[in-house]
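Notes to accompany the following structure.
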Amino acid sequence: MVSLTFTNLVNQKTNTIPLEIITFSKDIKVFYVKADSFPGEIVDAHKRILTLAPFSKDRRYFGISRPENGIIVYRAAAEEITDGEGVESGCDNLF
């Protein structure tokens, strides 16, 4: 079992999590949970997606954010490795 400590991601001086923008050449089907607020609930959202999609070296995990109706909405997402697993988990999908 792998134990992840999210506090290691937080820059202690600025209390922020460094973000990196990556562009993929093809679509990746993911399922996600929304953070209750941005940026304060990002870590909680990742903890929730990991309960639905336990850590696996065969799966990629993402943080997806964008402005919606004047606020930033953050989604913690996991790659769907079997068809329909996101829906079975009660989550919505993105491509």
Counting only residues that are of a type in the set (Gly, Ala, Ser) and assigned to a loop (DSSP other than H, G, I, E, B), which one in the stretch 46-80 is modelled with the lowest pLDDT?
56
Within the stretch 18-31, take every residue that is of a type outside the set (Ser, Thr, Tyr) and within 16 Å of residue 95 (Cα to Cα) and give me the one that is modelled with the lowest pLDDT.
22
Take the residues in the stretch 32-51 that are among the aliphatic types (A, V, I, L, M) and in contact with a strand residue (DSSP E or B) (Cβ under 7 Å, 6 or more places away or on another chain), then tell me which one is farthest from residue 93 (Cα to Cα).
42
Does residue 83 fit the bill of being surrounded by fewer than 14 Cβ atoms within 10 Å (Cβ to Cβ), in a loop (DSSP other than H, G, I, E, B) and in contact (Cβ under 8 Å) with a residue 12 or more places away in the chain?
no
Of all residues in the stretch 86-95, how many are charged (D, E, K, R) and part of a strand (DSSP E or B)?
1
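The values are calculated or read from the model by the stated rules, or taken from the named source; none is laboratory data. None of these values were measured; they are calculated from a predicted model. Note: ideal-geometry Cβ built from the backbone for every residue, glycine included; neighbour counts use all protein chains shown.
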